[in-house]
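The values are calculated or read from the model by the stated rules, or taken from the named source; none is laboratory data. Remember, predicted model here, so these are calculated numbers, not experimental data. Positions of Cβ are backbone-derived with ideal geometry, glycine not excepted, and every protein chain shown enters the neighbour counts. In case anyone asks, the SASA skips ligands and DNA or RNA and just uses the protein heavy atoms, side chains included. Shrake-Rupley method; radii C 1.70, N 1.55, O 1.52, S 1.80 Å.
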Amino acid sequence: MAVVTTTNDASVVTTDLPAGRYVDWGPIILGTMGALAIMVVLMTFGGALGLSVTSAQPYAGLSAKALAVLAGLYAALVHVASFGAGGYLAGRLRAPWVTSDTVESHFRDGGHGFAVWALGVVLGAVFALSGVSAAVKTAVGATTAVASAGVAGAAANPQTPGALQQLSTQPTDYAVDRLLAPAPGGAAAPAGGPGATSRADLAAPIARAFAANINNPQLDARDRTWLASLVSQRTGLPQAEAEKRVDEAFTELKAAEQKARDAADKARKATLIAGFLAAATMAIGAAAACAGAALGARHRDERTLVVLFGSRRFW
């Protein structure tokens, strides 16, 4: 715990600044660099601490929700503390302003802390945007390389049907698979009949029929009859069982679609809350920087000596 002692052996010596010079950029830049350096060190330590309380084993370590809450709280505290320390440096290192107006002098001391916070936020935003741009550029380059390699490999292998082989993860594709799955002991489709049509030829119209009815409580009667007839011809199921399979596939598809909507809405709310909390944290950081600068200026004027644990000088 840091202890602050005050010495009264000398008074602060003021300096006359050039006319119109009310901002000392040296202390502001130093305070900003100090704040960012402290933030990097503390965030690195927090990252290591977070890895120590997580585990890849099931039912071990903190849950994802608890870890997210603790990480957000730690990041907020680090942001506020770092800018408070940077504001303190700027306020204490700033040359005293020669004036009898103490209110104006205090305002300018706090303004230097605000400048530390503003410069730090702008630099952080620039670095973040540059990092995101670099990551996006790298991802696009990697994707292009993989796609080119896939096309080249497909061209070199004449047995590969198509240029690229991709795994489909669309819910409608799963519904098509359910519909066209062979029935156990079902009669085979007659050669040259509708059942001989390839799955690729049937998947597109089935998917369009599902997409046209996805917002309806149930399938349109004509679409339901057509899909059931198609399933019956394709799999050999009786018409009644084919209609039951169509209804089940459509119900599962609507459930999957609703689940995706719920997940998207949950992500939207989480992002909204995170945005508000980030803005509030930055606002508190600005207040901490201003308060730190005011405290540093007061310690400068009072010739305050900061000691560590009451025995050694902290600075």
Taking segment 227-254 and keeping only residues that are open to solvent by less than 60 Å² (accessible area, probe 1.4 Å) and among the aliphatic types (A, V, I, L, M), one is left with LEU227, ALA228, LEU230, VAL231, LEU237, ALA242, VAL246, ALA249, LEU253
Query raised in the report: in contact (Cβ under 8 Å) with a residue 40 or more places away in the chain and at positive phi, is that true of GLY236?
Result: yes
Only unsatisfied item for MET33, checking (1) assigned to a helix (DSSP H, G or I); (2) among the aliphatic types (A, V, I, L, M); (3) open to solvent by less than 90 Å² (accessible area, probe 1.4 Å), is (3)
In segment 201-210, anything of a type in the set (A, V, I, L, M) and exposed (fewer than 12 other Cβ atoms within 10 Å of the Cβ) is listed as ALA204
ASP301: passes all of (1) closer than 30 Å to MET39 by Cβ; (2) within 41 Å of the chain's Cα centre (by Cα) but (2)
The residue that is nearest to ALA287 (Cα to Cα), considering only those in segment 87-111 that are open to solvent by 30 Å² or more (accessible area, probe 1.4 Å), at pLDDT 85 or above and among the hydrophobic types (A, V, I, L, M, F, W, C), is PHE107
Restricting segment 36-52 to residues that are within 21 Å of the chain's Cα centre (by Cα) and open to solvent by less than 80 Å² (accessible area, probe 1.4 Å), the one modelled with the lowest pLDDT turns out to be GLY50
By residue number, the members of segment 255-272 that are open to solvent by 60 Å² or more (accessible area, probe 1.4 Å) and among the acidic types (Asp, Glu) are ASP262
